[in-house]
Amino acid sequence: MERTNLDKTIIAEIAKAWMNAAQPVVFSGAGMSTESGLPDFRSAQGLWKVRPESLATLEALENQPDEFYHFYQWRIAKLWEVSPNSGHQVLTDLQRRGYIETIIT
């Protein structure tokens, strides 16, 4: 895919801002890990289509502890079934090189 001049300009501006930032922070969401095989939350196959969103609350822990623990045990078990993808590896490399201070997911 060929980049336009506008694309190159925007990329250059982002790179300049990044390099001038005192403590660059990356915010990522559940979609970052879908490439690795983890379900996101809101897509057609997302967790909220399978599990009710109400399980992700303190009230669920108090009122539905069995369902709450089952849901989170399942989510944690899924982590052991997958590997980091190229996006994770790029962020790790950038953080090791000092280009990212913090990653928030």
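Read the figures in this text as sums done on the coordinates, not as results from a lab. What you are looking at is a predicted structure, and each value in this text was computed from that prediction instead of being measured. Note: ideal-geometry Cβ built from the backbone for every residue, glycine included; neighbour counts use all protein chains shown.
Things worth noting here:
- In order through the stretch 19-28: 3J(HN,Hα) via Karplus (6.51 cos²θ - 1.76 cosθ + 1.60), integer Hz, x for Gly, Pro: 5, 8, 6, 5, 9, x, 10, 10, 9, 10
- Placing unit charges on each Cβ (+1 for Lys and Arg, -1 for Asp and Glu) gives the stretch 5-104 a dipole about its Cα centre, and among A30, Y99, L61 the Cα reaching farthest toward its positive end belongs to Y99.
- For the stretch 88-101, 3J(HN,Hα) per residue [Karplus equation, 6.51 cos²θ - 1.76 cosθ + 1.60, θ = phi - 60°, Hz, x = Gly/Pro]: 4, 5, 5, 4, 4, 4, 5, 5, 4, 7, x, 7, 10, 7
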